[in-house]
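Colleague: Have a look at the structure that comes next, please.
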Amino acid sequence: MSFWRALLSIICPPLAVLDKGCGSILITFLLWLCGWVPGVIAALVINNNPKN
């Protein structure tokens, strides 16, 4: 994960997972609406997944 992707994950998590698919965007967006911290954690986990 690059520095810019990590920074984008902290600032606006749904934008950081745009290239990961619709499900990832939806999950991250819903968690981000529930609270900033869950959205950031979800974006960081999705971006650090070695399979994608």
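Colleague: Taking a ≥ b ≥ c as the square roots of the Cα gyration tensor eigenvalues, with a/c under 1.5 meaning rounded and otherwise prolate when a/b beats b/c, else oblate, which class fits the chain?
Modeller: Oblate, since a/c reaches 1.5 and b/c is not below a/b.
Colleague: Another question about this same structure. Exactly which trypsin sites (Lys or Arg not before Pro) in the chain are in a DSSP loop and have at most 13 other Cβ atoms within 10 Å?
Modeller: Lys51
Colleague: With each pseudo-label sitting 7 Å past Cα toward Cβ, what's the Ala6-Cys34 distance in nm, one decimal?
Modeller: It works out to 2.5 nm between the two label points.
Colleague: Leaving out ligands and nucleic acids, and using a 1.4 Å probe, what accessible area per residue does the chain come to in Å²?
Modeller: Accessible area per residue: 67 Å².
Colleague: So what is the calculated 222 nm ellipticity per residue for the chain, using -39500 (n - 2.57) for each DSSP H run with n of 4 or more, over all residues, to the nearest 500 deg cm²/dmol?
Modeller: My calculation for the chain gives -21000 deg cm²/dmol from helical runs alone.
Colleague: Give me the percent of accessible area attributable to carbon and sulfur for the chain, probe 1.4 angstrom.
Modeller: 75
The values are calculated or read from the model by the stated rules, or taken from the named source; none is laboratory data. Worth saying up front: this structure is predicted, and the values here are computed from it rather than measured. All Cβ positions, glycine included, derive from the backbone under ideal geometry; neighbour counts span all protein chains shown. Areas reflect the complete protein model, heavy atoms only, side chains present, ligands, DNA and RNA absent. Shrake-Rupley method; radii C 1.70, N 1.55, O 1.52, S 1.80 Å.
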